[in-house]
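The values are calculated or read from the model by the stated rules, or taken from the named source; none is laboratory data. Owing to the predicted nature of the structure, the values given are computational and were not obtained by experimental measurement. Positions of Cβ are backbone-derived with ideal geometry, glycine not excepted, and every protein chain shown enters the neighbour counts. Side chains included, ligands, DNA and RNA excluded: accessible areas come from the protein's heavy atoms. Shrake-Rupley method; radii C 1.70, N 1.55, O 1.52, S 1.80 Å.
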Amino acid sequence: MKSRPVDDVWFEYHDACLAHPTAVATIEQALAESEQLQISVREIASQLAGTGITYDQVARTLAAIGRLGALLPISEANYRRIPDADAKTRPERHAAVRAIGWATRDLGRAIECDLLVAMPADAAGYVGSDFSRHFYDLRTTVRTLVAEASKRVILAAPYWDEQVASDLADLLERRLRAGVRVAVLARRPQAGTTNERALAILRAALADSPGSEVRILERASKVDPFGASTFHFKVACADSRRAYLGSANFNTAGLNSRWELGVLLGPRNAGVLAQCLEGLWSAASAQ
């Protein structure tokens, strides 16, 4: 086998950073805080239990640091720290973690998503008072998506009510004046229902804006067991770059007083979702 150049010892470390930059940074921090000369994969993995970092990630990172000469392998999963080499290579290791972390941050955000929740007033009794700190408020997120759109807003939900429709109509009218096109996707409402009145409010808000309207995604189907081809998802998408996708209908119960969960998608997945919605929008009818 052809020998690799000396600089190749860094490739394994860089590859580990690319594969899991956050894990490498955390493992490096644990090593920096430890005064032990004997380093065990199992002990580091145990120390980092609960952080989401796996045994294999620890093993890969320590092996890469060992290739740099900072750790001397003494068995398959145990090392001895070499203080001089550790001190010499640590600045460059930390620089690599930071640089690769910065380079992959936007990609990570594009793939990852934030969690959203709407919940009843007594929610703390179910899940504890600190539950909500892991989530963004669902209603606020939907309103923010509408308010910050600069080109296109797509709102899709099977069921609406007058309060939410009126609330969103005010926001939509301001975006329309800024040149934003608005698409509202709904199911065919039953006559005399709050759903029908809500859609009337939205139609009135969009009436004088070309390219913006309410469309119905529902048609009779002989193959559907319930007799209609329609939809059940709930979405708010802004400029194909960010989107809410979840369980909450756009009515007062869904956005304010019942348990509903959703996710806020970044550009990559929001773009794919927007393409799907535009196809459904084209297939929907104005009545």
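Against the definition (at positive phi, open to solvent by 20 Å² or more (accessible area, probe 1.4 Å) and either modelled with pLDDT under 85 or not in a helix (DSSP H, G or I) (or both)), how does Gly125 come out, yes or no?
The answer is no for Gly125.
Can you find, within the stretch 216-237, the residue that is farthest from Arg139 (Cα to Cα) among those that are modelled with pLDDT under 95 and among the charged types (D, E, K, R)?
This residue is Lys222.
For the stretch 247-282, which positions are acidic (Asp, Glu) and assigned to a helix (DSSP H, G or I)?
Residue satisfying the conditions is Glu278 alone.
Considering each of Arg215, Arg188, Arg174 in turn, give the residue that is among the charged types (D, E, K, R) and part of a loop (DSSP other than H, G, I, E, B).
Arg188
Output the residue which, of all residues in the stretch 238-275 that are under 22 Å from Pro210 (Cα atoms) and among the hydrophobic types (A, V, I, L, M, F, W, C), is surrounded by the fewest Cβ atoms within 10 Å (Cβ to Cβ).
Ala274
Only one of (1) small (Gly, Ala, Ser); (2) open to solvent by 40 Å² or more (accessible area, probe 1.4 Å); (3) without any contact (Cβ under 8 Å) to a residue 60 or more places away in the chain; (4) closer than 21 Å to Leu280 by Cα is not met by Ala186, so which one is it?
The number of the failed condition is (2).
Residues of the stretch 219-235 being more than 13 Å from Tyr159 (Cα to Cα), open to solvent by less than 60 Å² (accessible area, probe 1.4 Å) and assigned to a loop (DSSP other than H, G, I, E, B), which ones?
Matches in the stretch 219-235: Ser221, Asp224, Gly227.
Within the stretch 17-84, which helices (runs of 4 or more DSSP H) (wholly inside it) include 2 or more residues that are touching an Asp or Glu at 6+ places or on another chain (Cβ under 6 Å) and under 23 Å from Ile100 (Cβ atoms)?
Hits in the stretch 17-84: 55-67.
Conditions (1) touching a residue at least 12 places away in the same chain (Cβ under 8 Å); (2) open to solvent by less than 40 Å² (accessible area, probe 1.4 Å), marked per residue:
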site	(1), (2)
Gln29	no, no
Leu37	yes, no
Ser40	yes, yes
Glu43	no, no
Ser46	no, no
Ala49	no, no
Val58	yes, yes
Ala63	yes, yes
Arg67	yes, no
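In the stretch 189-213, which residue that is over 22 Å from Arg174 (Cα atoms) and either of a type in the set (Ser, Thr, Tyr) or within 32 Å of the chain's Cα centre (by Cα) (or both) is least open to solvent (accessible area, probe 1.4 Å)?
Asn195
Which one is surrounded by the fewest Cβ atoms within 10 Å (Cβ to Cβ) among residues in the stretch 132-151 that are among the charged types (D, E, K, R) and not in a helix (DSSP H, G or I)?
Applying the filter and picking the extreme gives Lys151.
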